[in-house]
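Presented below is the structure to which this report refers.
Here, each number is a calculation from the coordinates, and none is a lab measurement. As the structure is a computational prediction, the values presented were derived from the model and not from experiment. With ideal geometry, Cβ positions are generated from the backbone for all residues, glycine too; neighbour counts draw on all protein chains shown.
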Amino acid sequence: MSEKKAIIMGASSGMGKELATILSVNNFIVGLAARRINLLEELQKKLPGKTYIKQIDVTKPEEAGRKFRELIAEMDGVDLIIISSGYGDMNRDLDWKIEKETIDVNVSGFTLIADIAFPYFISKGAGHLVGISSVAALRGLRGSPSYSASKAYISNYLEGLRQRAVRSRKPIYVTDIMPGFVKTAMSKGNNLFWVASAREAAAQIYEAIRKKKNLAYITRRWRLIAWLMKLMPDWLYNKL
Ligand SMILES: NC(=O)c1ccc[n+]([C@@H]2O[C@H](COP(=O)([O-])OP(=O)(O)OC[C@H]3O[C@@H](n4cnc5c(N)ncnc54)[C@H](OP(=O)(O)O)[C@@H]3O)[C@@H](O)[C@H]2O)c1
């Protein structure tokens, strides 16, 4: 069987790093991208299969766009692009610095990469785009309004691209990954529950990718929380 090729934007840590390992073990040639090049180099040494690395900061659109296209060209094409890069922090004081970083990475940065990936797959006639949103996308969160809003943006954006993919009648797939709590540098706070390890989360994400799912809650039981969040009336939600 011929090797498939994947790029992970945000491969230096957390779920992106674990996904890189799973893909490499499963015979994918993997392109690893993020800002912390030292971590990408360390990861590259550990992975069993062929890898490429590229230092990319998605908040620098011109340079990031050029480098992302370069990476696709260096790999001589790609079948799967996963956008795992993300930023989030609690922001009770609505500190603009946190809001801006959230918007720059999760909204502008995400859109930049998605808008290179999707037209690339359309021109190639096949491909799979995966974005990591969050169950936080389902309702606004008082502790981090920009984070929940940015994740709602990602989910809606992916749905729009999926509609285009279906109408293209080409084998192009778009998967929205909605994790609950996963133990990574990003998960902060004391009231966390059902916390998955990054490895467990990545294993379930890989399964969702393999099955070409439209949407996957990670871990699976977060589907229940999602259902509750969507159904909960405002008066009750506001008391939480
Ligand atoms: N952990 C959770 O509980 C949880 C829950 C739901 C959704 N998520 C989402 O899952 C995704 C992965 O996060 P994680 O939990 O695995 O945390 P993480 O370990 O902090 O991973 C974040 C990744 O994003 C990259 N990144 C951040 N800013 C970037 C930038 N400007 N340019 C390029 N890459 C950038 C980081 O790489 P560099 O710093 O090296 O650039 C890192 O590889 C995120 O989108 C996050 O919002 C996480």
**Request:** Could you check Val58 against (1) surrounded by fewer than 20 Cβ atoms within 10 Å (Cβ to Cβ); (2) near the ligand (Cβ under 10 Å from one of its atoms) and say which number it fails?
**Result:** (1)
**Prompt:** Would you call Tyr237 in contact with a helix residue (DSSP H, G or I) (Cβ under 7 Å, 6 or more places away or on another chain), touching a residue at least 40 places away in the same chain (Cβ under 8 Å) and aromatic (Phe, Trp, Tyr)?
**Reply:** no
**Message:** Just checking: which of the strands (runs of 3 or more DSSP E) contained wholly in segment 1-119 hold 2 or more residues that are more than 12 Å from the chain's Cα centre (by Cα) and not hydroxyl-bearing (Ser, Thr, Tyr)?
**Reply:** 4-9, 28-34, 51-55
**Prompt:** Quick check, is Ser85 within 15 Å of the ligand (Cβ to nearest atom) and in contact (Cβ under 8 Å) with a residue 60 or more places away in the chain?
**Reply:** yes
**Prompt:** From the list Leu236, Leu215, Leu224, which one is away from the ligand (no atom under 12 Å from the Cβ) and out of contact with any strand residue (DSSP E or B) (no Cβ under 9 Å at 6 or more places or on another chain)?
**Reply:** Leu236
**Message:** For segment 1-44, give me each residue that is free of Cβ contacts under 8 Å to residues at least 24 places away in the same chain and of a type in the set (Gly, Ala, Ser).
**Reply:** Ser2
**Message:** Could you go through segment 46-54 and let me know if any residue there is closer than 19 Å to Leu112 by Cα, in contact with a helix residue (DSSP H, G or I) (Cβ under 9 Å, 6 or more places away or on another chain) and surrounded by fewer than 19 Cβ atoms within 10 Å (Cβ to Cβ).
**Reply:** no
**Request:** Given the conditions (1) buried (at least 20 other Cβ atoms within 10 Å of the Cβ); (2) away from the ligand (no atom under 15 Å from the Cβ); (3) without any contact (Cβ under 8 Å) to a residue 24 or more places away in the chain, report the number of the one that Val174 does not fulfil.
**Result:** (3)
